[in-house]
1. Of everything in the stretch 117-132, what is in contact (Cβ under 8 Å) with a residue 40 or more places away in the chain and either surrounded by fewer than 17 Cβ atoms within 10 Å (Cβ to Cβ) or over 23 Å from Ile180 (Cα atoms) (or both)? Give them in sequence order.
2. Looking at (1) without any contact (Cβ under 8 Å) to a residue 60 or more places away in the chain; (2) surrounded by 14 or more Cβ atoms within 10 Å (Cβ to Cβ); (3) not in a loop (DSSP other than H, G, I, E, B), can you tell me which one Lys100 breaks?
3. Looking only at the stretch 4-35, count every residue that is free of Cβ contacts under 8 Å to residues at least 40 places away in the same chain and surrounded by 13 or more Cβ atoms within 10 Å (Cβ to Cβ) and tell me the total.
4. In the stretch 43-73, which residue that is part of a loop (DSSP other than H, G, I, E, B) and of a type in the set (S, T, N, Q) is surrounded by the fewest Cβ atoms within 10 Å (Cβ to Cβ)?
5. So, Leu166, is that one at pLDDT 90 or above and more than 20 Å from Glu74 (Cα to Cα) or not?
6. Looking at Thr81, Thr76 in this structure, which one is at pLDDT below 95, assigned to a helix (DSSP H, G or I) and within 14 Å of the chain's Cα centre (by Cα)?
7. Which of (1) more than 12 Å from the chain's Cα centre (by Cα); (2) part of a helix (DSSP H, G or I); (3) modelled with pLDDT under 95 is the odd one out, the single condition Tyr90 does not satisfy?
8. Regarding the stretch 142-154, can at least one residue be identified that is of a type in the set (D, E, K, R), modelled with pLDDT under 90, within 30 Å of Lys3 (Cβ to Cβ) and outside any helix (DSSP H, G or I)?
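The values are calculated or read from the model by the stated rules, or taken from the named source; none is laboratory data. In this text, all values refer to a predicted model and were calculated from it rather than measured experimentally. Glycine gets a Cβ as well: all are built from the backbone with ideal geometry, and neighbour counts include every protein chain shown.
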Amino acid sequence: MKKILIIGSDGNLAQCIIEELTKKNLSIFKISRKQIDFEKKNSKSKLYEYLNKIKPNIIVNCIGIFKNNNFSFESTFKINTKVSWDLIDYYRNKIKKKVKIFVIGSSAHNKARKNYILYVASKSALNSMVKSAIDLFLKTNVEINIINPPAMKSNMRNNFFKSNKLNKKKFTIETEPKIIARKIIRKF
């Protein structure tokens, strides 16, 4: 039976992925902020413990934070970028087991966004890192992919636009997370 690990399991996209996966014969493991707070120093060792314990076949990293320019640089990059680096670093040193890693990026990774510069910068860095890791893992048992979905309906986006008093309609059309979840699962 395949073991699927969902990181950032409380988010809307992760919940839709989990809902779709429960229809299949799979073991689903979840990491939310309650299990591992990725802003803390011990997060890497906790993640590695978890990976050693469950030995997933597929990992979907849905973790992310979407804040304005007043939010912490360190927190933005720890959450949006470092978690994926920790996964890459783990498998870079333990590449015997076959695993597929799906990292969720953002369609904003290559666009200018004056109201959320750090978010865009962290997602741009994430894309470069994963694309480099694709080369690193060529001819190994590790397959890594980045998926940059379009803007989607989510609590994270709603909270961002409400707290910053910005009009969402002015920016973009939002896609249902269930549609994106199904596209991601097809890549398994």
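1. Ile117, Leu118
2. (1)
3. Residues flagged as free of Cβ contacts under 8 Å to residues at least 40 places away in the same chain and surrounded by 13 or more Cβ atoms within 10 Å (Cβ to Cβ) within the stretch 4-35 amount to 11.
4. Ranking the qualifying residues of the stretch 43-73, first place goes to Asn70.
5. no
6. Thr76
7. (3)
8. Yes - at least one qualifying residue is present in the stretch 142-154.
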